[in-house]
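Enquirer: I have a structure I would like to understand better, so I am pasting it below and will then ask my questions one at a time.
The values are calculated or read from the model by the stated rules, or taken from the named source; none is laboratory data. In this text, all values refer to a predicted model and were calculated from it rather than measured experimentally. So basically every Cβ, Gly included, is an ideal-geometry build from the backbone, and we count neighbours across all protein chains shown.
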Amino acid sequence: MSDPTVADTRRLNSKPQDLTDAYGPPSNFLEIDVYDPQTTGVGRNRFTTYEVRMQTNLPIFKLKDSVVRRRYSDFEWLKNELERDSKIVVPPLPGKALKRQLPFRGDEGIFEDSFIEERRVGLEQFINRLAGHPLAQNERCLHMFLQDESIDRNYIPGKVRHSPRDENDVYSAHLLNPTPPGCLALSLEPTLSLP
């Protein structure tokens, strides 16, 4: 009989990796690109938006591919929401560049191509670090930021729940319908009584 401690620490024999395994799609991935900056408006109403493209096969996300357009203030909103409602450490955003916004500067300030590109790179690093965190992936505000065309700033913060994969997934089914079968659900809506 062999020593149980040796059996517990021995490596598992795995099958050799073939080319399909090595070059196939990864089992779980989340890729986010920030690109195509566009500046619109004039004077004080001028701002730059960025296209945010997400591709994933993670089951927590309802869409596997999405493209939305966001401005810097939307990234600030996301950061503030996560700092307020979650327990994760949120990475810093690229700076606001207040000195670049002064009216007496001789250049384009925050609308200069080099600054826009620098900010785009910083925003891409920010969103990838943030969305790569497993706890952040459950936050409703992150899903709204990455997948909804517009951000509902009056949303109710909370966690995202994915639908059960099959009928036997009792835990997920309970999250979606907390009233067990055979029990009465109480309605909190007022009822009308006729005289």
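Enquirer: Please enumerate the residues belonging to the stretch 42-78 that are aliphatic (A, V, I, L, M) and closer than 22 Å to F111 by Cβ.
Expert: Answer for the stretch 42-78, where residues must be aliphatic (A, V, I, L, M) and closer than 22 Å to F111 by Cβ: V42, V52, V68.
Enquirer: Assess whether S2 counts as being modelled with pLDDT under 90 and of a type in the set (G, A, S).
Expert: Judged against the criteria, S2 is a match.
Enquirer: Among R44, R69, which is in a strand (DSSP E or B), within 21 Å of S114 (Cα to Cα) and not aromatic (F, W, Y)?
Expert: On inspection, the qualifying residue turns out to be R69.
Enquirer: Then there is this: Kindly indicate whether any position in the stretch 26-45 is within 21 Å of R153 (Cα to Cα) and at pLDDT below 95. It would help to see each step written out before you state the result.
Expert: Step one: of the stretch 26-45, the residues within 21 Å of R153 (Cα to Cα) are 45.
Checking the rest, the ones that are also at pLDDT below 95 come to 45.
Checking the stretch 26-45: at least one residue is within 21 Å of R153 (Cα to Cα) and at pLDDT below 95.
Enquirer: Still on this structure: Cβ-Cβ below 9 Å, separation at least six or inter-chain, first residue in the stretch 139-162 and free of Cβ contacts under 8 Å to residues at least 24 places away in the same chain and closer than 14 Å to L58 by Cα, second of a type outside the set (D, E, K, R) and buried (at least 16 other Cβ atoms within 10 Å of the Cβ): which pairs?
Expert: R161/N138
Enquirer: Can you name every one of the helices (runs of 4 or more DSSP H) wholly within the stretch 102-188 that holds 3 or more residues which are at pLDDT 85 or above and small (G, A, S)?
Expert: Here the list reads 113-131.
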